[in-house]
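What follows is a single structure, written as structure tokens, with notes after it.
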Amino acid sequence: MDSRIKDLGKDQRIALARIVYDLIMADKIIDDEEITKFADLFGEENNRNLFRQAQELTFAKAIKLLNLPTYENSESEAVRKLHAEQWRKQAEKAAGILNETANSDGYCAPSEAILLLAIDYFIKKNNVSYTKYDVQSFKLTDIFIGKRFILYVDNSNSSKSLEIEENYDLIVNLLASIDFQFIYIPKIVEQYKKRGLEKFKAMSMYVFPDIPEDKVEKVFDKIIKMDTKSFVKDYLNEKLGFNIICPRPTLMVMLGRSSVIGKNISEKGLVYDTNANFLKINIGEDRVLDVIGDFIHDFNKLVTFNFHIDFNPSKDKILYHGIHKAFFRLVALAKNNPQQYNINISTNLHAVFINDRKLPLAMGKAAIYIMILCRSFFGDKKGLPMNKAFNVLTTSEQKCLQNQYEWICSHLSNNATSERKPLYPNVVNRISEIRNAIDTVVGSRLIGEIQIGTGEYINTIVLPEKVTVNGIPIKEHQDWGTFI
């Protein structure tokens, strides 16, 4: 074990191992030199256990553990200041170790350099009275938000926004020179306004053809009314579950993603959560151009080679990748409240939509899911019987189930004459596929409310008030409300 590591406490060693791991994985290449470096630092014994403990921390938590002094309650203020200074020097020593790790293969990639920059800013450039730099990690959903971008956040409508308006093209080009996108929400909104509703409708067919047509105009209306504050509060925080709080003008720098061991264990073993890591830069009284200029200068000092020229070639184009794609998906596909849901059976699109996201099921399997819903709402409300329960039903009851299945299929396909294979006994094999499809669309946040049950009868706790057929509440629909 490296003698410098021995000076660290257990928690700090684990935190350092977490950050070393992120640096090694940042460029998606695991070099022999990096593996050797890790062993030299922490010793070859118990490396696997250390790795496991390290991956239970987020990147942000690890940096803060590395930089967090610990006190005894009985210590005087003078002793605390002395210990704080010793701890700061120890944290800076750890930052030096991390720099060595990133360069152990003789090359510091841009993805490594941005992590080093965040570490350097947080550990060395903050002071006791003012936190100019912070590092935050947020758990991601299924919406990919991009890799390298800087988002301007301002909840106070300060003069900094005017400064950005006046220097927007220059800021975009400066950051493009190091392969970072600058995200300023008013400019994105402006692009959509320029094109108007009709072009937006045409574009939406290419971007997300499975969005119900009647929703496209509502999406456009939401976009053109959006500002930076509402984007952060309503979409990043409420829909994605982030916790971005910026009372003053701030730059949120996307550092990359990292995997963290989750709390649940599946049949396949450990479940990993993916976190987005950000460097938060409080602009304060500084000029935005100065802050960005310093950022680019400091980044280029760390990176080994970063030749990238892309001087805003798409200034007047609607971009559809990275954070731009996430912007559209957040508005178009996510509901206003992440704890709310609705399920729409669309006979026009031959599919089921949960919160406007298409359930990826073939029509026959979608019909089985609809049967589970309907038989949980209507009749005896037991749900859909599996083979054991089905076999004890009367012939008439069994035939009724097949007729209901065929009725749903005919309405989904708009073809009343098409023949259908018998629902039983193969229905059991379809249940796991339906569960997987729901899990894919819903994710962990609402899965308990929407997922189907288990047992001799498969049912759901979904409320009938949450289910519509072509936009009409299912209980009020003249056909669907009475067919069982």
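Bear in mind these aren't lab numbers, they're just calculated from the coordinates by the rules spelled out. Not measured: the values here are computed from a predicted model. Positions of Cβ are generated from backbone atoms using ideal geometry, with glycine treated the same way; all protein chains shown enter the neighbour counts.
Grab the Cα-Cα distance for Asn429 and Glu465, subtract it from 0.36 nm times how many residues apart they are, and report the gain in nm with one decimal.
Result for the pair: 10.1 nm of gain on full extension.
Taking the Cβ of each residue in Arg18, Arg88 as the centre, tally the other Cβ atoms inside 10 Å and list the residues starting with the fewest.
Going from least to most buried by this count: Arg88, Arg18.
So, in nm, how far is label Asp227 from label Asp380 when the simple model puts each one 7 Å beyond its Cα toward the Cβ?
It works out to 5.9 nm between the two label points.
May I ask you to derive the FRET efficiency for Glu56 and Ser3 from their Cβ-Cβ distance with R0 = 30 Å, giving the value to the nearest 0.05?
The pair Glu56/Ser3 has a calculated efficiency of 0.70.
Cut-off is 10 Å between beta-carbons; in what order do Leu117, Leu16 appear when sorted fewest neighbours first?
Going from sparsest to densest Cβ surroundings: Leu117, Leu16.
Roughly how many Å is it from the Cα centre of segment 1-62 to that of segment 158-224, as a whole number?
Spelled out, the Cα-based centre of one part sits 41 Å from the other.
Near Lys10, which lysines are there with a Cα under 17 Å away, not counting those fewer than 8 places off in the same chain?
The reachable lysines, counting only those whose Cα sits under 17 Å from Lys10, are Lys61, Lys64, Lys93.
At a 10 Å Cβ-Cβ cut-off, how would you order Trp407, Trp480, fewest neighbours first?
Fewest-to-most Cβ neighbours within 10 Å comes out as Trp407, Trp480.
So, counting K/R as plus one and D/E as minus one, what does the shell of residues with Cβ under 12 Å around Pro473 add up to?
With Lys, Arg at +1 and Asp, Glu at -1, the neighbours total 0.
Work out how much length Asn300 to Arg248 would gain on full extension: take 0.36 nm times their residue separation and subtract the Cα-Cα distance, in nm to one decimal.
Between Asn300 and Arg248, full extension yields 16.0 nm more.
Mind giving me the FRET efficiency for Asp169 and Lys399? R0 is 51 Å, r the Cβ-Cβ distance, nearest 0.05 is fine.
0.15
Kindly provide the trypsin sites (Lys or Arg not before Pro) of segment 186-240 that DSSP labels as loop, not H, G, I, E or B, and whose Cβ sees at most 12 other Cβ atoms within 10 Å.
Filter output for segment 186-240: Lys225.
What's the FRET efficiency of Ser413 with Lys388 using the Cβ-Cβ distance as r and R₀ = 30 Å, to the nearest 0.05?
0.50
Multiply the residue separation of Asn127 and Ser159 by 0.36 nm, subtract the distance between their alpha-carbon atoms, and state the gained length in nm to one decimal.
Going from the current span to full extension adds 8.9 nm.
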